[in-house]
Amino acid sequence: MDIELVYILKWSGIESMFSEFRFWHFLTGPQPINQFDQTELRGFNKRVLMVGLLGVLLFVLRELWGMNTEQLTPLLSEGSLDTYSLARIVSLIGAILWSLIYMAFHFFGIAYLLHKLTSIPYRNLLILQLFVTALLLMEKAVVFIIFALVGYTTPVSLLSFGPLAATFMDQPFFIFFFNQLSIVTALIIGLQFRFIRAFAPQLNSRNLLLGLIGLHVVMALLTAAMGYVPFDTWFAQVVEGGASNE
């Protein structure tokens, strides 16, 4: 990041150092990123809010377009317009809640986990994870734009290794697993490695890299396993059950 440090109050033995938070310049900026623990970042909370709002908006647009709502189509084909409308509203609310959970997990949750594993100050890792969350949202936005342009969706992301795995694997679990690993995943691992090394140079580089790769592999395994949880069936039972009781 391009961190422009402004030194003020440098008289009377008092020195306060402030940093103007420049979001995307972090990746190529010449300033040492381990200066974060000595600085007060201006505009960081505003960037967090901006990423959060854009993330919610992205999930809402995907939902309104119809992405991941295939399980609701039978309700419309059966002529249950009221039930279908109710289901879409509930699905939209669910998408908003899921967007908040998704972003909170990658922003707060992973930052806390890395804090416990590396002893790097939690506040500094929040800065790292803000970029990670933004990159994940950008990946989802690119996939969504491609799907919107072609007019249909696929079970796997075009930016992941899922399509490659589907060409020679028949097991859905492994396809979903490789679907969680993408070019962006590699970029995130590199970003996390660089950031953590800057704050904790005493850590063994090989062990750190293997640990980060292992963390992402475990998350991919858990996400693939969640694909076997019958959320669609539970959702349909809730909607249809509520409609039948009216």
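The values are calculated or read from the model by the stated rules, or taken from the named source; none is laboratory data. Keep in mind that this is a model prediction, so the values were computed, not measured. In this analysis, Cβ positions are derived from the backbone assuming ideal geometry, glycine residues included, and neighbour counts consider all displayed protein chains. Heads up: the accessible areas ignore ligands, DNA and RNA and are worked out on the full protein's heavy atoms, side chains in. Shrake-Rupley method; radii C 1.70, N 1.55, O 1.52, S 1.80 Å.
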**Item:** Subset tally (residues that are closer than 22 Å to LEU58 by Cβ and crowded, with 18+ Cβ neighbours inside 10 Å) for segment 157-180
**Value:** 6
**Complete:** Taking segment 94-126 and keeping residues more than 17 Å from LEU53 (Cα to Cα) and small (Gly, Ala, Ser) leaves GLY109, ALA111, SER119
**Fill in**
Considering segment 102-156, residues that are closer than 21 Å to GLY190 by Cα and not in a helix (DSSP H, G or I), and then whichever is least open to solvent (accessible area, probe 1.4 Å), we arrive at ILE120
**Fill in**
Quick count over segment 70-101, residues being assigned to a helix (DSSP H, G or I) and at pLDDT below 85, is 19
**Request:** May I ask you to list the residues in segment 182-191 that are within 23 Å of ALA224 (Cα to Cα) and either open to solvent by less than 30 Å² (accessible area, probe 1.4 Å) or in contact with a Lys or Arg (Cβ under 6 Å, 6 or more places away or on another chain) (or both)?
**Result:** SER182, VAL184, THR185, ILE188, ILE189
**Request:** Filter segment 192-221 for residues that are crowded, with 18+ Cβ neighbours inside 10 Å, under 23 Å from MET138 (Cβ atoms) and of a type in the set (Phe, Trp, Tyr) and give the result.
**Result:** PHE195
